[in-house]
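Have a look at the structure below before the remarks.
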Amino acid sequence: MHPNPIFRQTTDDKNLAFARARGFGTLSVNGGNGPLLAHVPFVLSDDGKTATLHMMRSNPISRALSQDLPAVIAVSGPDGYISPDWYGIEDQVPTWNYVAVHLRGSLSLLPQEGLRGVLDQLSAAFEARLAPKPAWLADKMTDEALARMMRMIQPAQLEIGEVAGTWKLGQNKPEAARLGAAGKVPDGVGQELADLAALMAGAKPA
């Protein structure tokens, strides 16, 4: 997380809403030889206290979960390079604006007999966003194919103890400079640049 408190004024509710809407992040735990990472879809509970997910059994994090482990899911949002020329004021430096939320807590495996429920929960959450397309259901698979797939994965859950977000959107710049940069962002370098520009334009000044 960026250490500047100007970029960390967002409430837990807004950070959790952002993470819930993204539904995908980088899961990290400490391993014996360094950090272990996995890129995972997840579903947050209604109260924002747990994130439910699944991983391949062959994933190093799955193999490390013989006991509960401290873990974090880093959820990334729009990001983009900001040229100093875009501010229209002197003595500025290049930077990168972005949104990111970290969900930190304790990661544990769930009972294997609950895997089907986890799969249904995850698919239902994301299929609902594709409406009016009829939702895909695991029942569409043959029993043999579903059983084969389920043997390869394990359900897990992160008990969330801390939520932290960085919304670095130029709040520390004069409004005219921030809006000027926001107008240039869509033609710049980064990801989801139109969304980043809109967030910068609506950001509250420090």
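Looking across the stretch 160-206, just one residue is closer than 30 Å to PRO60 by Cβ, surrounded by fewer than 14 Cβ atoms within 10 Å (Cβ to Cβ) and either small (Gly, Ala, Ser) or in contact with a Gly (Cβ under 6 Å, 6 or more places away or on another chain) (or both), and that is GLY161. Of a type in the set (Phe, Trp, Tyr) and either in contact (Cβ under 8 Å) with a residue 40 or more places away in the chain or in a helix (DSSP H, G or I) (or both), is that true of TRP167? So TRP167 fits the description; yes. Of the candidates ASP143, ASP195, the single residue that is acidic (Asp, Glu) and touching a residue at least 40 places away in the same chain (Cβ under 8 Å) is ASP195. Here is the figure for the stretch 60-91: residues that are without any contact (Cβ under 8 Å) to a residue 60 or more places away in the chain and farther than 27 Å from GLN154 by Cβ total 4. Residues in the stretch 118-167 that are among the basic types (Lys, Arg) and under 27 Å from SER76 (Cβ atoms): ARG129, LYS133.
Readers should treat all values here as calculations from the given coordinates under stated rules, not as data from a laboratory. Bear in mind that the values here come from a model prediction, so they are computed numbers and not experimental data. Virtual Cβ from ideal backbone geometry, glycine too; neighbours counted across all protein chains shown.
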